[in-house]
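What follows is a set of notes on a single structure, which appears directly below.
Quick note: the coordinates plus some simple rules give every number you see, no bench work behind them. Since the model is a prediction, treat every value here as computed from it, not as a measurement. Cβ atoms come from the backbone with ideal geometry, glycine included; neighbour counts cover every protein chain shown.
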């Protein structure tokens, strides 16, 4: 779902449009599933539960939390909706984990302990908004790790970014095309020869331009390939 459609559906849902709300919940079930799965990972030595293996309660909590996020979302805060929804799901699951003895092995971390204090002070919603800064920092650290797998340092990107707006937009569109092609994106892994000819045909850029901007293209393609993993970054760089 593109940003404009998401924004429109959110506005309609918050005005009481049940159909728009149901469309959001249906279209983002996969997103909720991935967040629930990540939250239910066990520490080393304890088996991980997948969403299809006995997590009916957890998935229900995740879907209810997503619906709650639709209601509570405040676009003027400047936080992408999916990032806020992810925080609401995490916090509701953390509360559930605290109450369930079978989850004593799950590392709920700081969000669980601090959320308990926030709820006791009737400041749960504000806690979620404040948590966004930490969530953003964690996403950047994860992106930095992903870049490292391709031999790219985060600090390089400022230097590598084209100075002209038209050039940046052209590379962004090219990176989106590459990211949308699963097979081509898979061929960009470290140690593999860059498929310059195929990339040129797909993006409309010359092989020379692609080679010159290789790292910048890769850095953007990583973001566009994983929009629900790098929510903040997608909202920043998407043309």
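Structural remarks
- Each listed q (0.12, 0.18, 0.22 Å⁻¹) maps to a log10 I(q)/I(0) for segment 150-237 from the Debye sum over equal C-alpha point scatterers, namely -0.32, -0.76, -1.18.
- Full extension of the chain between residue 238 and residue 126 yields a length gain of 37.5 nm, computed as 0.36 nm times the residue separation minus the alpha carbon distance.
- Full-extension gain in nm, residue 212 to residue 17, via 0.36 nm per residue minus C-alpha separation: 65.3 nm
- Spin-label model, residue 27/residue 64: points 7 Å from Cα along the beta carbon direction are separated by 2.6 nm.
- Backbone N atoms of segment 138-176 closer than 18 Å to the 7 Å Cα→Cβ label point of residue 187 belong to residues 174-176.
- Length gained on full extension, residue 57 to residue 196, computed as 0.36 nm times the residue gap minus the Cα-Cα distance: 45.3 nm.
- For 226, 164, order by how many other beta-carbon atoms lie within 10 Å, fewest first: 164, 226
- Estimated FRET transfer efficiency when R0 is 35 angstrom, pair residue 154-residue 6 (beta carbons, to 0.05): 0.80
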